[in-house]
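Only one structure is covered here, and it is reproduced in the block below.
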Amino acid sequence: MSITVPLTNLKAQYLQLKEELDHAVNDVIQKTSFVGGTALSDFEEEFADYLGGGEVIGCGNGTDSLEIILTALEVGMGDEVIVPAMTWISTGEAVATRGAIPVFADVDADTGCLNLEDVNRKITSKTKVIIAVHLYGHTVNMPELMQIASDRDIYVMEDCAQAHGSSIAGRKVGTWGIAGSFSFFPSKNLGCFGDGGAVFTKSEALAEKIRLISRHGQKTKHVHLINGRNSRLDTLQARVLSVKLPHLEKWIDQKNQHADYYLQELAGIPDLKLPVPTREKARISWHLFVVRTSQRDELMSYLESKNIGTNIHYPTALPFQPCYKEMDHQLDQFPGAFELQNETLSIPMFAELEQEQLEYVVKHIKVFFE
Ligand SMILES: *Cc1c(COP(=O)(O)O)cnc(C)c1O
């Protein structure tokens with residue numbers, strides 16, 4: 001009997017909720033109401049409630065939501081924004097698109113999240129915003145980061161694209177800073193059937209500004225108060241997300257059980273470093289389970305030969321991307337991010353993983369290192 005373990009399994013999630021999802025999609029088609037409407041405002045309210053109360057504004061995708069927050073905070077030419085060195089490109093991209101300067105701070109290799117000592121070093125009089133990215137579902141130390149920022153009058157915004165439902169010190173990520181950005185790309189912890197994103201904020205004034213920016217600067221039809229843009233969460237995607245949201249907590253619990261199993265079974269292997277969740281204070285909504293080894297490429301091909309899906313998140317840290325080459329970053333300036341790009345490997349992690357599959361993954365990792 002042969003076992004296959006994909007890195008992630010969107011089909012399994014769909015099949016779980018097939019009837020409800022099919023009905024929701026069909027209903028949107030039957031009603032031919034594809035943009036806006038109560039389906040969108042319902043989801044925005046449900047997601048705001050889930051996060052603990054505030055305002056949610058649906059956007060076209062997670063990259064847009066980052067950019068729209070920066071626009072609303074009036075970040076532009078000459079401003080510096082601190083961005084972690086290891087993240088998906090969107091976080092740096094959104095800053096550069098605004099004409100501002102992404103200033104990279106290193107990350108801790110155990111979690112992939114901002115190293116706050118390096119953040120402190122990177123702050124200058126031009127620093128306007130710090131973007132906390134809760135990478136892989138791990139949480140940035142938000143209580144400490146908020147302190148650092150408030151001492152200096154700097155905005156904190158959170159990129160929660162990989163951490164829907166993660167919390168630290170009893171509070172969900174996305175609700176600590178001035179605004180939180182979410183992506184509903186299909187493979188994220190809460191994913192729709194295409195592109196989607198959202199902004200969360202507790203500030204009514206900022207929410208209003210963000211709505212204005214993302215809806216062509218109009219509050220009433222055909223009156224454009226400011227130069228805006230078009231970035232919307234489609235009605236279809238909102239309906240899909242409303243079906244899935246009530247299951248998110250269960251999926252987080254299931255993934256935590258899988259993570260516990262990996263952490264227990266894979267402990268003690270020399271040359272295999274495991275993620276170190278800040279468990280006492282935080283609840284991790286696992287997006288990726290990322291291990292590190294100096295034999296990463298070999299492990300990757302071995303697991304592939306056993307039909308075990310893996311991937312590298314991410315093979316090149318942002319400071320070393322060609323698009324930032326004129327900034328002339330040096331490898332030794334970002335030891336945490338450098339370690340991750342060279343050694344990191346994501347192994348299968350999704351709620352529907354079966355015990356047999358988990359055992360198969362663990363067995364082959366052990367065989368590889370024997
Ligand atoms: C996925 C992701 C984004 C962007 O989301 P899109 O919806 O794909 O635009 C931003 N930041 C991080 C950390 C991500 O993982």
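The values are calculated or read from the model by the stated rules, or taken from the named source; none is laboratory data. Just so it is clear, the model here is predicted, and its values are computed rather than measured. Neighbour counts run over all protein chains shown; Cβ positions are idealised from the backbone, glycine included. These accessible areas exclude ligands, DNA and RNA; they are computed on the full protein's heavy atoms, side chains included. Shrake-Rupley method; radii C 1.70, N 1.55, O 1.52, S 1.80 Å.
Taking region 47-65 as the range and being more than 16 Å from the ligand (Cβ to nearest atom) and closer than 20 Å to Ser285 by Cβ as the test, the residues that pass are Ala48, Asp49, Tyr50, Leu51, Gly52, Gly53, Gly54.
Take the residues of region 163-182 that are of a type outside the set (A, V, I, L, M) and open to solvent by 10 Å² or more (accessible area, probe 1.4 Å): which is nearest to the ligand (Cβ to nearest atom)?
Gly177
Tell me, yes or no, whether region 304-312 has at least one residue that is farther than 22 Å from Trp88 by Cα, more than 21 Å from the chain's Cα centre (by Cα), among the basic types (Lys, Arg) and not in a helix (DSSP H, G or I). So far as region 304-312 goes, yes, one or more of its residues are farther than 22 Å from Trp88 by Cα, more than 21 Å from the chain's Cα centre (by Cα), among the basic types (Lys, Arg) and not in a helix (DSSP H, G or I). When region 162-207 is filtered for residues that are out of contact with any Gly (no Cβ under 6 Å at 6 or more places or on another chain), in a strand (DSSP E or B) and aliphatic (A, V, I, L, M), the ones remaining, listed by number, are Ile168, Ala179, Val199.
Note on region 268-301: residues that are part of a helix (DSSP H, G or I) and either among the basic types (Lys, Arg) or on the phi > 0 side of the Ramachandran plot (or both) total 1. Among the residues of region 216-255 satisfying the criterion of being in contact with a strand residue (DSSP E or B) (Cβ under 7 Å, 6 or more places away or on another chain) and in contact (Cβ under 8 Å) with a residue 40 or more places away in the chain, which is most open to solvent (accessible area, probe 1.4 Å)? So, considering only residues that are in contact with a strand residue (DSSP E or B) (Cβ under 7 Å, 6 or more places away or on another chain) and in contact (Cβ under 8 Å) with a residue 40 or more places away in the chain, the one most open to solvent (accessible area, probe 1.4 Å) is Arg232.
Can you find a residue in region 98-115 that is in contact (Cβ under 8 Å) with a residue 24 or more places away in the chain and part of a helix (DSSP H, G or I)? Scanning region 98-115, I find no residue that is in contact (Cβ under 8 Å) with a residue 24 or more places away in the chain and part of a helix (DSSP H, G or I), so the answer is no. Is it the case that some residue within region 129-152 is of a type in the set (Asp, Glu), in contact with a helix residue (DSSP H, G or I) (Cβ under 7 Å, 6 or more places away or on another chain), in a loop (DSSP other than H, G, I, E, B) and in contact (Cβ under 8 Å) with a residue 12 or more places away in the chain? Checking region 129-152: not a single residue is of a type in the set (Asp, Glu), in contact with a helix residue (DSSP H, G or I) (Cβ under 7 Å, 6 or more places away or on another chain), in a loop (DSSP other than H, G, I, E, B) and in contact (Cβ under 8 Å) with a residue 12 or more places away in the chain. In this structure, Thr4 does not qualify as β-branched (Val, Ile, Thr), open to solvent by 70 Å² or more (accessible area, probe 1.4 Å) and at positive phi. Figure legend. Inter-residue proximity from region 48-69: first residues touching a residue at least 24 places away in the same chain (Cβ under 8 Å) and assigned to a helix (DSSP H, G or I), second residues away from the ligand (no atom under 16 Å from the Cβ) and polar (S, T, N, Q), beta-carbon distance below 7 Å, spacing 6+ or different chains. Indicated pairs: Leu51/Thr175.
Residue by residue through region 74-101, note down the ones that are under 21 Å from the mean Cα position of the chain (by Cα), open to solvent by less than 10 Å² (accessible area, probe 1.4 Å) and more than 13 Å from the ligand (Cβ to nearest atom). Those that are under 21 Å from the mean Cα position of the chain (by Cα), open to solvent by less than 10 Å² (accessible area, probe 1.4 Å) and more than 13 Å from the ligand (Cβ to nearest atom): Val81, Ile82. Scanning region 28-46 for residues that are assigned to a helix (DSSP H, G or I) and either farther than 25 Å from Glu249 by Cβ or touching a Pro at 6+ places or on another chain (Cβ under 9 Å) (or both) yields Val28, Ile29, Gln30, Lys31, Glu46.
Let's see how each residue does on (1) crowded, with 19+ Cβ neighbours inside 10 Å; (2) within 16 Å of the ligand (Cβ to nearest atom); (3) touching a residue at least 24 places away in the same chain (Cβ under 8 Å):
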site: Ser187; (1), (2), (3): no, yes, yes
site: Gly194; (1), (2), (3): no, yes, yes
site: Glu204; (1), (2), (3): no, no, yes
site: Ser214; (1), (2), (3): yes, yes, yes
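For region 355-367, residues that are open to solvent by 40 Å² or more (accessible area, probe 1.4 Å) and either under 20 Å from Leu190 (Cα atoms) or of a type in the set (A, V, I, L, M) (or both) total 1. Residue count for region 289-308 satisfying the condition of being open to solvent by less than 60 Å² (accessible area, probe 1.4 Å) and either closer than 23 Å to His134 by Cα or among the polar types (S, T, N, Q) (or both): 5.
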